[in-house]
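Written below as C-alpha cells is the structure these notes are about.
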Amino acid sequence: MPTPDLLDAEKEHSLVLVKPDGFARGLTGEVLRRIEAKGYVLKGLKIKKANEELLGEHYVEHKEKHFFKDLVEYMSSGPVVAIVVEGDRVIEGVRSLMGNTNPTLAAPGTIRGDLGRDWGTGNVENIVHGSDSPLSAAREIALWFPELTYKES
Ligand code: IDP
Ligand code: MG
C-alpha cells in the first residue's frame with residue numbers, strides 16, 4: 001500500500017470543489033488558476049463522481065433545507081474536482097475568491113460573479129464550493145481525502 005500523503009497540521013487548509021457545472025463547462029483550470037495566482041498551494045487533487053452518501057455527509061448542515069434533494073441531485077449529476085488548498089487564512093481567502101452563493105448577485109471579479117449565472121434549472125449552480133470554517137474544512141477533507149493524514153510539524 002502506498003504511504004499516505006501528509007498534511008501539515010500547523011497550516012490552514014480548505015476543501016474546494018469544482019462542482020459538476022464548473023467541470024462540465026471546462027472551468028476547472030480557471031478555478032485552479034485563480035487559486036494558484038492568489039498564492040495558495042495545492043495539496044490534493046482528484047476527479048470524483050460523488051454519491052448520495054458522500055454528499056449527505058458533505059452537506060449535513062443543509063439536510064433539513066427545502067433545496068437539499070435538488071442540491072444532491074445537482075452535485076451528483078457529473079464528476080467534481082476535489083482540491084485541498086493550503087495557506088494562511090485560506091478558508092476566508094477562497095470564500096472571497098468564490099463570491100456570493102447566488103451567481104447572479106456575486107460581484108464581478110469573483111469566480112461565481114465572472115463565470116456563473118442562473119440557468120433556470122431551479123438549482124443554484126455556482127461552480128465552486130469552499131469550506132466555511134476550520135471545523136468544516138477538517139471534516140470535509142477527511143470525507144473527500146481519507147488517504148490524506150496530518151503530520152505534526
Ligand atoms: P455556499 O456554497 O456559498 O457556502 P451554502 O448556503 O452553504 O452556500 O449552500 C450550499 C449550496 O447549496 C450552494 O452553494 C448552492 O449550490 C446550494 N443552495 C444554497 N441555497 C440554495 C437555495 O436557496 N436553493 C437551491 N440551492 C441552494
Ligand atoms: Mg456552505
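The values are calculated or read from the model by the stated rules, or taken from the named source; none is laboratory data. Remember, it's a predicted structure, so these values are computed and weren't measured experimentally. Quick reminder, even Gly has a Cβ in these numbers, built from the backbone with ideal geometry, and neighbours come from all protein chains shown. The area values use the complete protein model at the heavy-atom level, side chains included, leaving out ligands, DNA and RNA. Shrake-Rupley method; radii C 1.70, N 1.55, O 1.52, S 1.80 Å.
Measuring r between the beta carbons of residue 25 and residue 46 and using R0 = 22 Å, the FRET efficiency lands at 0.70.
Shape of the stretch 1-88 from its Cα gyration tensor (a ≥ b ≥ c, root eigenvalues): rounded if a/c is under 1.5, otherwise prolate when a/b > b/c, or oblate?
Verdict is prolate for the stretch 1-88.
How much length would be gained if the chain were fully extended between residue 61 and residue 10, taking 0.36 nm per residue of separation minus their Cα-Cα distance, in nm to one decimal?
Full extension from residue 61 to residue 10 adds 15.7 nm.
The calculated pair-distance distribution of the chain uses every alpha carbon pair, bins of 5 angstrom beginning at 0, and gives 2, 9, 19, 23, 23, 14, 7, 3, 1, 0 percent. Calculated from the alpha-carbon coordinates, the stretch 64-153 shows an Rg and a Dmax of 14.6, 48 Å respectively. Contact order, relative form, for the chain: 38 percent (alpha carbon pairs under 8 Å, 6 or more residues apart, mean separation divided by residue count). In terms of accessible area, using a 1.4 Å probe and ignoring ligands and nucleic acids, 55, 105 rank largest first as 105, 55.
Is the shape of the stretch 90-143 best called rounded, prolate or oblate, per the rule: a/c under 1.5 gives rounded, else a/b larger than b/c gives prolate, else oblate, with a ≥ b ≥ c the square roots of the Cα gyration tensor eigenvalues? Verdict is oblate for the stretch 90-143. Computed with a 1.4 Å probe over protein heavy atoms only, the accessible surface of the stretch 1-82 comes to 58 Å² per residue.
Over the chain, what is the percentage of antiparallel beta bridges among all DSSP beta bridges, to the nearest 5?
Working: 16 of 20 bridges.
Around 80 percent antiparallel, to the nearest 5.
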